[in-house]
Amino acid sequence: MGAEFLPNGAATAPAPLVLGLQPAALIDHVARVDWSLLDRVPGERGGSIPVSMEELEEILHEVNTHILSTPEDPHPVKAMAGGSVANTVRGLSAGFGVSTGIVGAYGDDDQGHKFVYNMGFNGVDSSRMRMRKGLTGQCVCLVDALGNRTMRPCLSSAVKIQADELTKEDFKGAKWLVMRYGVFNLEVIQAAIKIAKQEGLFVSLDLASFEMVRHFRAPLMELLDSGNIDLCFANEDEAAELLSSDKRAEPEAALEFLATRCKWAVVTLGPNGCLARHGKEVVRVTAIGESKATDATGAGDLFASGFLYGLIKGLSLEDCCKVGSCSGGSVIRSLGGEVTPENWQWMYKQMQIKGLPLPNTRN
């Protein structure tokens, strides 16, 4: 699709193929820390529960005395644009050469400008982001020695886009809408789905966290039962919460549960790979053994990047999972949800070994 021209002759950029909805921009503060700090942080280890600005600042202060540094990574604290959707669309753009955009809001503070700069640097169209007077969301991502991450987001005071601000122009020309489930953004999600379906977009939904599924299952089920979710991603913990009535439920049962409601259903199993279903076809793909887990942050988000790239390229269900496995494996090799240039090269090598089509990118 070429550029379109306004009546005055000015060109507008072609619509992105994949549009991400992230109501509130977010900056991730990613740090590798020792166990003792994780024991003092409120909430379950490994999950994601919201904290106040005071709690976030207190955790960031404590981080400095609990840092784990390694010879390979002498800078164990990093700040970058974050959020599940931002990670996915940035990965699609930077690593796979797919045109992407993001819609939402950011504050008029330093964190907000960092978010927009980081997205733009990686080729993501942020022209649908609205700047608002106020604060940009922040999240502390604490990573232990084994690469497991515990997240504490602070979004209560962050600016975010409202449901009635979304317009058809935001979605026009795109093919996919990528979203993350969140009960606090339910109205925006519902409004986005309504417009996306009117404009003929496919809708992808990530289940966010096991806590979100556990505590807000009813509104999630309404979304899934609506028939408007074309693709759903769940990790093993989220899948288990979906079938909370049966604590012995296997991931296969959750996959079947999702597949009756969505065209494509995917359950990621961490180091054990993933399961996916489309119609009657079910595949299981192993994880990439050559990937060392430094930090699990963004693994599911980048898996989604690779899987969506596969769908866009018309690959088989199994190959979509293989590309997802390669991209998910690339991000866990360093801190944070942004893949480094070296790790993109590692991913292309893995894709080549597996006979998968390499993307045309600037990397």
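Please treat every number below as a calculation from the coordinates, not as lab data. A quick note: this is a predicted structure, and the numbers were derived from the prediction, not measured. Every residue, glycine as well, gets a Cβ built from its backbone with ideal geometry; the counts of neighbours run over all protein chains shown.
In this structure the amide hydrogen of residue 273, modeled in the peptide plane, comes within under 5 Å of the amide hydrogens of 287, none closer than 5 places in sequence on its chain.
Here the Karplus relation 6.51 cos²θ - 1.76 cosθ + 1.60, evaluated at θ = phi - 60°, turns the backbone of the range 341-355 into coupling constants of x, 5, 6, 5, 4, 4, 5, 4, 5, 4, 5, 5, 4, 8, x Hz, with x for every Gly and Pro.
For GluC sites (Glu not before Pro), the sites in the range 38-129 that DSSP calls loop and that have at most 10 other Cβ atoms within 10 Å are 72. Note on the range 201-251 and the range 104-127: Cα centroid distance 29 Å, given to the nearest whole angstrom.
Residues whose amide H falls under 5 Å from that of residue 174, counting only those 5 or more places apart or on a different chain, are absent, with hydrogens built in the peptide plane. Less than 5 angstrom separates the built amide H of residue 131 from those of 106, all sequence-distant by 5 or more or on a different chain. Here is the list for the range 323-363: trypsin sites (Lys or Arg not before Pro) lying in DSSP coil, each with at most 15 other C-beta atoms within 10 angstrom of its C-beta, are 354, 362.
Put in line by how crowded their Cβ is, counting other Cβ atoms within 10 Å and starting with the fewest, 109, 301, 230 read 109, 230, 301. Given q = 0.14, 0.17, 0.23 Å⁻¹, what are the Debye log10 I(q)/I(0) values for the range 91-186, with equal point scatterers placed on the Cα positions and solvent ignored? The calculated log intensity ratios at q = 0.14, 0.17, 0.23 Å⁻¹ are -0.64, -0.94, -1.39.
Counting Cα-Cα pairs of the range 170-275 in 10 Å increments starting at 0 gives whole-percent bin shares of 15, 50, 28, 7, 0. Is the C-alpha gyration tensor of the range 192-237 telling us rounded, prolate or oblate? Criteria: a/c under 1.5 is rounded; beyond that, a/b larger than b/c is prolate, otherwise oblate. The shape class here is prolate. Against the empirical curve 2.2 N^0.38 Å, the C-alpha radius of gyration of the range 252-363 lands at a ratio of 1.02. Helix content alone sets the calculated 222 nm mean residue ellipticity of the chain: runs of n ≥ 4 DSSP H residues at -39500 (n - 2.57) each, divided across all residues, give -11000 deg cm²/dmol.
Annotation for residue 36 and residue 184: the two label points, set 7 Å from Cα along the Cα-Cβ direction, are 3.1 nm apart.
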